[in-house]
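All of the numbers you see were taken from the coordinates with simple rules; none came from a lab. Owing to the predicted nature of the structure, the values given are computational and were not obtained by experimental measurement. When we count neighbours, we look across all protein chains shown, and the Cβ atoms used for this are built from the backbone with ideal geometry, even at glycine.
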Amino acid sequence: MRVREVVAVKWVWVVLVAVAVAIVVSVIVLVDDIRLFFKRRRG
């Protein structure tokens with residue numbers, strides 16, 4: 001593998017990890033919002 005290819009693969013992984021983290025964070029936030037919503041409804 002050439003240096004450029006290694007760098008490209010690195011960036012692909014960085015982007016994938018960033019996207020995965022963003023998705024996980026958004027899901028956690030959504031779950032928290034839904035929990036709060038149901039608590040308010042019951043409460």
Residue match in region 10-26 (condition: surrounded by fewer than 10 Cβ atoms within 10 Å (Cβ to Cβ), in a helix (DSSP H, G or I) and not hydrophobic (A, V, I, L, M, F, W, C)): no
Condition met for V3 (without any contact (Cβ under 8 Å) to a residue 24 or more places away in the chain, among the aliphatic types (A, V, I, L, M) and surrounded by 10 or more Cβ atoms within 10 Å (Cβ to Cβ)): no
